[in-house]
Amino acid sequence: MIKIRAAEPRDAAQIAAIYMPYVTTTAISFETSPPTPEEMEHRMTHCGGYYPWLVATTEDDDAIMGYAYAGKFRERPAYRYTVETSIYLGGNVQRGQGFGRLLYSALIETLTAQDFTQAIAVLSLPNEYSIGLHESLGFRRAGVCREMGFKNGQWYDIGMWQRELNEASNPPLDPKPFKDVGVVGPS
């Protein structure tokens, strides 16, 4: 059984270990040095109280199988209704079995309950697996920016995928803090 829960500071080492191969061996992440567990904990705990970090664990031993999180899309105040989302699965997770979908669905449902209006995913290209996951969850291609990141000796494009979370009302509702909503969806 898989359990989805809010990430805790004690999870930082496992999260950093899951993320490290994405940084060191792929262009999925445009970071070039993997963050330490301390840096990862800082990212998790300094997100303004609004941006959830979720982990999927095995029910028996609480080993983290993957994580998903949201962050600010841009710094300007008018963007506060929009979030950027990401998901990373551990190397021991078999792709295409619905595991990422379960985790990412919980993140999307949580962000929706928080009253955010849009989710943006920025994907390095090519990345067919991630595109498939995002599109299966209602994200739509919003555009491509050419030659945005140089890593591993070559240039990579990025694609932006967008998903409406809530209707953009006028005036909009301010998003609720994560602590006031908690994890919504499968747990």
Within segment 159-187, the residues that are assigned to a strand (DSSP E or B) and either in contact (Cβ under 8 Å) with a residue 60 or more places away in the chain or on the phi > 0 side of the Ramachandran plot (or both) are none
Of those in segment 77-104 that are aromatic (Phe, Trp, Tyr) and in contact with a Phe, Trp or Tyr (Cβ under 8 Å, 6 or more places away or on another chain), the residue nearest to Met1 (Cα to Cα) is Tyr88
Cβ-Cβ under 7 Å, sequence separation 6+ or interchain: first residue in segment 46-63 and of a type in the set (Val, Ile, Thr), partner open to solvent by 60 Å² or more (accessible area, probe 1.4 Å). Which pairs? Thr57/Lys3
Return the pairs, sorted by first residue and then second, in which the second residue is in a strand (DSSP E or B) and not small (Gly, Ala, Ser), the first residue lies in segment 110-138 and is on the phi > 0 side of the Ramachandran plot, the beta carbons are less than 8 Å apart, and the residues are 6+ apart or on different chains. Gly138/Arg163; Gly138/Glu164
Can you pull out the residues in segment 80-112 that are surrounded by fewer than 19 Cβ atoms within 10 Å (Cβ to Cβ), of a type in the set (A, V, I, L, M, F, W, C) and assigned to a helix (DSSP H, G or I)? Phe99, Leu102
Go through segment 167-187 and count every residue that is under 15 Å from Tyr79 (Cβ atoms) and modelled with pLDDT of 95 or more. 1
Conditions (1) of a type in the set (A, V, I, L, M); (2) in a strand (DSSP E or B); (3) surrounded by fewer than 17 Cβ atoms within 10 Å (Cβ to Cβ) -> Ala56 fails only (3)
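The values are calculated or read from the model by the stated rules, or taken from the named source; none is laboratory data. Quick caveat, the model's predicted, so the values are computed rather than measured. For neighbour counting, all protein chains shown are included, and Cβ atoms are generated from backbone atoms with ideal geometry for every residue, glycine included. Accessible surface is based on the protein model in full, side chains and every heavy atom, while ligands, DNA and RNA are left aside. Shrake-Rupley method; radii C 1.70, N 1.55, O 1.52, S 1.80 Å.
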